[in-house]
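Down below is the structure, laid out as structure tokens.
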Amino acid sequence: PTSDDTPEVLNRALSNLSSRWKNWWVRGILTLAMITFFFIIIYLGPMVLMTIVMCVQIKCFHEIITIGYNVYHSYDLPWFRTLSWYFLLCVNYFFYGETVTDYFFTLVQREEPLRILSKYHRFISFALYLTGFCMFVLSLVKKHYRLQFYMFGWTHVTLLIVVTQSHLIIHNLFEGMIWFIVPISCVICNDIMAYMFGFFFGRTPLIKLSPKKTWEGFIGGFFATVLFGLLLSYVMSGYRCFTCPVEFNNDTNSFTVDCEPSELFQLQEYNIPSVLQSVVGWKTVRMYPFQIHSIALSTFASLIGPFGGFFASGFKRAFKIKDFANTIPGHGGIMDRFDCQYLMATFVNVYIASFIRGPNPSKLIQQFLTLRPDQQLHIFNTLKAHLVDKGVL
């Protein structure tokens, strides 16, 4: 059932407006509030961002699982609510354990308990999952088998969609704040501008799954997002706090974002195609290489990203619900705001792995130093022989 979840203050202030314009103002005010909150958590740094990502992930999981409980009337199934949250805990333990081992390697090797947990991390994770699996089998009840397996599958698909992709957001964050902020901002910009263009100029329906989406909004959102991505990338590429990878300083036991900017974030001169030279009046343009990558990110955010929203719309229509929840007035639940963000996070992670990231010498050296002296000597002699053969030494 739908209800008016708009705060009473806004209801009174906008009481004289039509429902169309009232909804426009409510969405606008709440959007500005969320953008302000986004800027605040960015200012507070990586640890706060990771905490917020985890909180969002848990809330999205709760919203989707609650829909499953309501649709399949599964409140009375033994242990199942407990098991759903237990599996969430297991998957988060696995992913965050991998992240800690990967990015805090020196700290892990320094502390004995962490070193033991890191060494047997995957075995412990599997044992925890296996415990939940056995508990599920023991909880099977006659006449409810099909329903219980429905919910078992529902839980695991939710974990795949929500937890796995939220973990990729954290990986993107460690590559540099710019890889976290620009993609998220492009999705936000596309969402806002597509709504604005659709609200004022929309006439042609885009897709049946979302009747309010229009071609005018889709196309207007695309051009606005690409332009926004170029401008935002130009501004952020000049600051080390955004471009440097997030690393853990063992001396201060805190995160640092300080480095010599890579070539991606150094101004370079590019020749403008001769076809465009007569139009713009320039032969060359100085820009950051990252701005070229931002075109790919913003294009995905505006052309493919919305399909995450269409997927969510189809899901909601399948189960006859308007929103995942009513957490944010005028916007629905947290999942309603993050349906495109998760798809975007996966693309950014794949994009970095395919076109950006190379071997990391510092991580190799960290692992090298943890080996026994005879193993270190063997690697040294092998590397020396290889470099001599190549004529480097």
Right, V279: over 31 Å from the mean Cα position of the chain (by Cα) and either modelled with pLDDT under 80 or not basic (K, R) (or both) or not? yes
A careful count of residues in the stretch 30-44 that are aliphatic (A, V, I, L, M), open to solvent by 60 Å² or more (accessible area, probe 1.4 Å) and without any contact (Cβ under 8 Å) to a residue 40 or more places away in the chain gives 3
When you scan the stretch 80-101, do you find a residue that is at pLDDT below 80 and either touching a helix residue (DSSP H, G or I) at 6+ places or on another chain (Cβ under 6 Å) or surrounded by 15 or more Cβ atoms within 10 Å (Cβ to Cβ) (or both), even just one? no
Within the stretch 353-393, residues being outside any helix (DSSP H, G or I), under 27 Å from the mean Cα position of the chain (by Cα) and under 23 Å from R110 (Cα atoms) number 1
Please list, ordered by first then second residue, the pairs with beta carbon atoms under 9 Å, 6 or more apart or interchain, first in the stretch 266-278 and within 20 Å of Q291 (Cα to Cα) and of a type outside the set (V, I, T), second open to solvent by 70 Å² or more (accessible area, probe 1.4 Å) and assigned to a helix (DSSP H, G or I). Y270/I292
Inside the stretch 45-159, counting only helices (runs of 4 or more DSSP H) that do not spill past its ends, which hold 1 or more residues that are over 28 Å from I334 (Cα atoms) and without any contact (Cβ under 8 Å) to a residue 60 or more places away in the chain? 80-103, 105-110, 112-119, 121-139, 145-158
Take N16 and decide whether it is at pLDDT below 80 and open to solvent by 80 Å² or more (accessible area, probe 1.4 Å). yes
Residue, surrounded by the fewest Cβ atoms within 10 Å (Cβ to Cβ), within the stretch 155-204, restricted to residues that are polar (S, T, N, Q) and farther than 22 Å from G45 by Cβ: T204
In the stretch 135-154, the residues that are within 31 Å of the chain's Cα centre (by Cα), assigned by the TED database to the domain that holds Y72, open to solvent by less than 40 Å² (accessible area, probe 1.4 Å) and of a type in the set (A, V, I, L, M, F, W, C): M151, F152, W154
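The values are calculated or read from the model by the stated rules, or taken from the named source; none is laboratory data. None of these values were measured; they are calculated from a predicted model. Cβ sites come from the backbone with ideal geometry, for glycine too, and all protein chains shown count toward neighbours. Surface accessibility is based on the protein's heavy atoms, side chains included, excluding ligands, DNA and RNA. Shrake-Rupley method; radii C 1.70, N 1.55, O 1.52, S 1.80 Å.
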